[in-house]
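Trainee: The structure under discussion is supplied below as structure tokens; questions concerning it will follow.
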Amino acid sequence: MKNFKSHFKFNKQERSGIFFLLLIIVLLQSAYYVFISFPVDDTPDPLTEDTRTQAQIDALKEEAGERDSIKIFPFNPNFITDYKGYVLGMSVAEIDRLHAFRARNKYVNSPGEFQKVTSVSDSLLEAISPYFKFPEWTKNSGRHAVDRGQYPNNSQSSISDTRQDRGTGGIKDLNSATAAELRSVKGVGGTLSDRIVKFRDRLGGFLVDGQLYDVYGLEADVAKRVLERFQVRRVPKINKINLNTAPVAEMVKLVYIRYSVAQDIVTYREKNGRITSFDELKQIQDFPADKIDRIALYLSL
């Protein structure tokens, strides 16, 4: 018994230690009960919208949508490729009809003619026709699809009237007209007549009347007067330039193509492979896309 009692006898230092131990235990227990009684939830509400993250997601979705969407730029429907026709929503049969029409060296010059040739639906025509871009000289023309690649020009209506009044016998061949004969037209002096002949020689001859409007410095009204007396009567035979094989030196022989543009064409075909459509030339920087219909007459694929 004596030994048992000795376990419960403590000196002053031991009692102080026991007291502080009990105090610490009580404090820890009290803190624990306070903590569980007032829980602190730092977890964000799962239903609360994170506006910043959502804005980033929306921006990424919009960017992805723009990449996936196909933008349509103005184009000449005469040069629709199989792929472009598919993108526009044309059927294989409709594309084939257009290609068969073009194989006869004919062109369409209005949305109505395009529908007549391809038989596209009214709804599709309404959707794509706002993007049609025809040559400038077809807008006021009274003619429609033209054989042998000859596009109407913006003076063709008045020329037709002149032919009816005067007959065709009085109109001379533009490709054989001399500088002296051209000077007989009001507004054509020595400089312009020489420039017309030089431009014609560099081309190897005019293929269509509208090319006269491309002569530098020749105003439209003066060109119109020239065409009342001189028109393309005999179309010259030319050696077309193959865009997929011709070197830069050969392409620059065509007056419409500058040296830098010819270099870009070669770079484009080396990077992208074979050029399958004249429409692809519009992707070449500084290429005269507004004259592509005339330029295409001198090119082959």
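The values are calculated or read from the model by the stated rules, or taken from the named source; none is laboratory data. These numbers were taken from a predicted model, which means no experiment stands behind them. Note: ideal-geometry Cβ built from the backbone for every residue, glycine included; neighbour counts use all protein chains shown. When the accessible area is computed, the model is the full protein with side chains, heavy atoms only, and any ligands, DNA or RNA have been set aside. Shrake-Rupley method; radii C 1.70, N 1.55, O 1.52, S 1.80 Å.
Trainee: What are the ³J(HN,Hα) values, in whole Hz, obtained from phi via the Karplus relation 6.51 cos²θ - 1.76 cosθ + 1.60 with θ = phi - 60°, for each residue of the range 254-259 in sequence order, with x given for Gly and Pro?
Mentor: 7, 4, 7, 10, 7, 4
Trainee: Please compare each pair in K61/K133; K61/K116; K116/K224; K106/K186; K198/K240; K224/K253 to a cut-off of 29 Å on the Cα-Cα distance and tell me which ones are over it. Spell out each step's value before the answer.
Mentor: Values: K61/K133 33 Å; K61/K116 41 Å; K116/K224 31 Å; K106/K186 34 Å; K198/K240 19 Å; K224/K253 27 Å.
Flagged as over cut-off: K61/K133; K61/K116; K116/K224; K106/K186.
Trainee: Obtain the nm distance between the two label points defined at V235 and R15 by a simple spin-label model: each point lies 7 Å from its Cα along the Cα-to-C-beta direction.
Mentor: Each label point is offset 7 Å from its Cα along the Cβ direction, giving 12.8 nm.
Trainee: If you don't mind, there's one more thing I want to ask. Report R202's accessible area, 1.4 Å probe, all protein chains in place, as a number in Å² to the nearest 10.
Mentor: For R202, the solvent-accessible surface is approximately 130 Å².
Trainee: Related question: Pick out, in residue order, every one of the chymotrypsin sites (Phe, Trp or Tyr not before Pro) in the range 174-245 that is DSSP loop and has at most 15 other C-beta atoms within 10 Å; say none if there are none.
Mentor: Numbers: sites: F199, F206, Y213, Y216, F230; in loops: F206, Y216.
Answer by residue number: Y216.
Trainee: List the residues whose amide H sits under 5 Å from the amide H of L299, counting only those 5 or more places along or on another chain, with H placed 1.01 Å from N in the peptide plane.
Mentor: I241
Trainee: Classify the range 212-265 as rounded, prolate or oblate, taking a ≥ b ≥ c as the square roots of the eigenvalues of its Cα gyration tensor: rounded when a/c is under 1.5, otherwise prolate if a/b is larger than b/c and oblate if not. Don't skip to the answer; put the middle values down first.
Mentor: Details: a/c = 4.86, a/b = 1.86, b/c = 2.62.
Oblate is the answer for the range 212-265, as a/c is 1.5 or above yet b/c matches or exceeds a/b.
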